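Since the structure comes first, as structure tokens, the remarks are kept for the end.
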Amino acid sequence: QVQLVESGGGLVQAGGSLRLSCAASESALSFDVMGWYRQGPGKQRELVASINRAGSTNYADSVKGRFTISRGNARNTVFLQMNSVKPEDTAVYYCKAYRSLYGEYWGQGTQVTVSS
């Protein structure tokens, strides 16, 4: 069973930075796509950023230019660098991995709170 463990969440002031990590029990390259989603209070879960096996990235309009998704040198870790954070970035952030024919896997989530 694939396991995804997020870390790096916490409390940060508006304008600050935070880096989230997602450690997978298998190589990140074994998945077609890995991504970060978030769910704010009273909101639906939404895509924040994703990266496919080829390294192509995709971002929600609300985070373009501020957040960066990347794979670590260890190959089983995906990061989300969050810069210039805003109070509206407050949410539980989830790591997701997708593998065709097998489906998707989710982590337990990590809380990010941005104070104004």
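Overview of values
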{"item": "Matching entry among 52, 76 (being touching a helix residue (DSSP H, G or I) at 6+ places or on another chain (Cβ under 6 Å) and of a type outside the set (Ser, Thr, Tyr))", "result": "76"}
{"item": "Within the range 61-77, tally of residues that are under 18 Å from residue 5 (Cβ atoms) and modelled with pLDDT of 95 or more", "result": "2"}
{"item": "Positions within the range 69-91 being among the acidic types (Asp, Glu) and surrounded by 18 or more Cβ atoms within 10 Å (Cβ to Cβ), in sequence order", "result": "89"}
{"item": "Options 102, 94, 59, 98: the member that is open to solvent by less than 40 Å² (accessible area, probe 1.4 Å) and hydroxyl-bearing (Ser, Thr, Tyr)", "result": "94"}
{"item": "Lone unmet requirement of (1) open to solvent by 40 Å² or more (accessible area, probe 1.4 Å); (2) within 29 Å of residue 115 (Cα to Cα); (3) not in a loop (DSSP other than H, G, I, E, B) for residue 48", "result": "(1)"}
{"item": "Breaking point among (1) under 11 Å from the mean Cα position of the chain (by Cα); (2) of a type in the set (Ser, Thr, Tyr); (3) open to solvent by 60 Å² or more (accessible area, probe 1.4 Å), for residue 7", "result": "(3)"}
{"item": "Search result, residues across the range 51-88 that are more than 14 Å from residue 18 (Cβ to Cβ) and either in a strand (DSSP E or B) or among the hydrophobic types (A, V, I, L, M, F, W, C) (or both)", "result": "51, 52, 54, 57, 58, 59, 60, 70, 71, 74, 77, 78"}
{"item": "Hits in the range 19-45 - residues which are open to solvent by 30 Å² or more (accessible area, probe 1.4 Å) and among the aliphatic types (A, V, I, L, M)", "result": "23, 29, 33"}
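The values are calculated or read from the model by the stated rules, or taken from the named source; none is laboratory data. No experiment lies behind these values; they were computed from the predicted model shown. Note that each Cβ is placed from the backbone with ideal geometry, even for glycine, and that neighbours are counted across all protein chains shown. Ligands, DNA and RNA are excluded from the accessible area calculation, which covers all protein heavy atoms including side chains. Shrake-Rupley method; radii C 1.70, N 1.55, O 1.52, S 1.80 Å.
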